[in-house]
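The values are calculated or read from the model by the stated rules, or taken from the named source; none is laboratory data. Every value quoted in this text rests on a predicted model; they were computed, and no experiment measured them. Because the Cβ atoms are built from the backbone with ideal geometry, glycine has one as well, and the counts that use them run over all protein chains shown. The protein model used for the area step is the full one, side chains on, heavy atoms only, and it has no ligands, DNA or RNA in it. Shrake-Rupley method; radii C 1.70, N 1.55, O 1.52, S 1.80 Å.
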Amino acid sequence: MKTLILIRHAKSSWNFDVIDHQRPLNKRGLNDADLVSTYLAESNPKIDMLLCSDAKRTRLTSDFFISKLSIDSDRIVFNHELYDFDGRSLENVIKHCAPSTNNLMVFGHNHAVTFFVNKFGNKYIENVPTCGVVIINFDISDWSDLTKGETIQIIFPKQLK
């Protein structure tokens, strides 16, 4: 059994003259990342590996979860391939995870996140909002065998407000 916790980065700010890759979070994004990470921490999920796009907004979002879930730095990888918007790289990165990783947390971007959860989860989600979390269980022993799984939890910031 494999569990994937897939998280779209929190709301980013357009108030800075920076390239897309360097956009920070805005105030709502910071608040939502704090709110959702606190909520998720209450269930104390086990995380074997955390993968995160190397974009500033995903790194800043992941910082909240890393802190609240006390994830060791040796379990964290920032990967430019996750700076993906259509889902092909996201899927490829997940399929190449070590079989010993049973509980995987991944931070990414839309439309890749929404595409992935609809391709591999069993509940249709029109759009995963910023700082949305979707948890999917897969009845596989190796990530390379990724197939349709069971969407077991959906957490959107607006549900927690």
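Measure off, as a whole percent, the carbon and sulfur share of the 1.4 Å-probe accessible area of the chain, all protein chains present.
With neighbouring chains kept in place, the figure for the chain is 49 percent.
Would you mind working out the accessible area per residue for the range 109-161, using a 1.4 Å probe, and quoting it in Å²?
That works out to 49 Å² for each residue.
Under 25 Å between alpha carbons, and skipping anything fewer than 8 positions from LYS27 in its own chain: which lysines qualify?
Cα-Cα hits under 25 Å: LYS11, LYS56, LYS68, LYS158, LYS161.
Whole-Hz Karplus ³J(HN,Hα) for the range 112-118, in order, using 6.51 cos²θ - 1.76 cosθ + 1.60 and θ = phi - 60°, x for Gly and Pro?
These are the phi-based 3J(HN,Hα) values: 4, 5, 5, 4, 4, 5, 7 Hz.
Taking springs between alpha-carbon atoms closer than 10 angstrom, which of ASP17, ASP63, ASP34 fluctuates most in the Gaussian network model of the chain?
In this elastic network of the chain, the residue with the biggest mean-square fluctuation among ASP17, ASP63, ASP34 is ASP17.
Could you let me know the centre-to-centre spacing of the range 94-161 and the range 1-34, using Cα atoms, in angstrom?
Computed from Cα coordinates, the inter-centre distance equals 17 Å.
Restricting to the chain, compute how many DSSP beta bridges are antiparallel as a %, nearest 5.
Restricted to the chain, the bridges split so that about 45 percent are antiparallel.
Compute the angle between helix 27-42 and the longest alpha-carbon principal axis of the chain, please, reported from 0 to 90 degrees and rounded to the nearest 10.
30
Across the range 47-63, in residue order, what do the Karplus-derived ³J(HN,Hα) couplings come to in whole Hz, using 6.51 cos²θ - 1.76 cosθ + 1.60 with θ = phi - 60° and x for Gly and Pro?
Calculated HN-Hα couplings, in order: 10, 7, 8, 10, 10, 9, 4, 7, 5, 4, 5, 6, 4, 5, 5, 4, 4 Hz.
Amide H of GLN153 versus every other amide H placed in the peptide plane: which residues, excluding those fewer than 5 positions away on the same chain, fall under 5 Å?
Hits under the 5 Å cutoff: ILE135.
With Cβ to Cβ distances under 15 Å as the rule, what net charge do the other residues near ILE47 carry (K, R +1; D, E -1)?
Computed value for this residue: -1.
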